[in-house]
1. Name every residue in the stretch 115-124 that is within 19 Å of I60 (Cα to Cα), surrounded by 15 or more Cβ atoms within 10 Å (Cβ to Cβ) and not aliphatic (A, V, I, L, M), in order of residue number.
2. Taking S6, is it out of contact with any His (no Cβ under 7 Å at 6 or more places or on another chain), among the polar types (S, T, N, Q), surrounded by 13 or more Cβ atoms within 10 Å (Cβ to Cβ) and more than 14 Å from E117 (Cα to Cα)?
3. If you check R112 against the conditions, is it at pLDDT 95 or above, of a type in the set (D, E, K, R) and exposed (fewer than 13 other Cβ atoms within 10 Å of the Cβ)?
4. Can you tell me which residue among G24, G75 is closer than 11 Å to A121 by Cα, at pLDDT 95 or above and not polar (S, T, N, Q)?
5. Which residues, counting only those in the stretch 61-77, are under 19 Å from G24 (Cα atoms) and in contact with a Ser or Thr (Cβ under 6 Å, 6 or more places away or on another chain)?
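The values are calculated or read from the model by the stated rules, or taken from the named source; none is laboratory data. All of these numbers come straight from a predicted model, not from anything done at the bench. Backbone-built Cβ (ideal geometry, glycine too); neighbour counts: all protein chains shown.
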Amino acid sequence: MKTAISTNAAPGAIGPYSQGVVAGHAVYVSGQLPIDPVTGQMPKTAAEQAHQCLTNIRAILEAANSSLADVVRVGIFMTDLAEFTAVNEVYSSFFSTPYPARATVQVAALPRGAKVEIEAAAVK
């Protein structure tokens, strides 16, 4: 059985998908663009975008009665890995040991011209 997660504290889906899904004891958060749910705007730098992505993920996890402390895996998509260090600094301010398993990949482009998109999986 699965249940969709929906919260106004994170931007709504821009396509046919849920912000997140709870399946059993797992929470899967869709890739989050760095869109401020209040203003609809995106920050300019990759570091600021990573911060907004992770803020959105935290809001979705909280809506599912989970938290960043429960995250077991993260996927980071970036349009320029030259920004990796700046994004990593922001990332480390959201997580503590034991850190989630993670993959970071460079992609040709992201929706709406974003520089960063982040997805996560957590336990409840």
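1. E117, E119
2. Here the answer is yes, as S6 does meet what is asked.
3. Yes.
4. G75
5. L61, A63 - these are the residues of the stretch 61-77 that are under 19 Å from G24 (Cα atoms) and in contact with a Ser or Thr (Cβ under 6 Å, 6 or more places away or on another chain).
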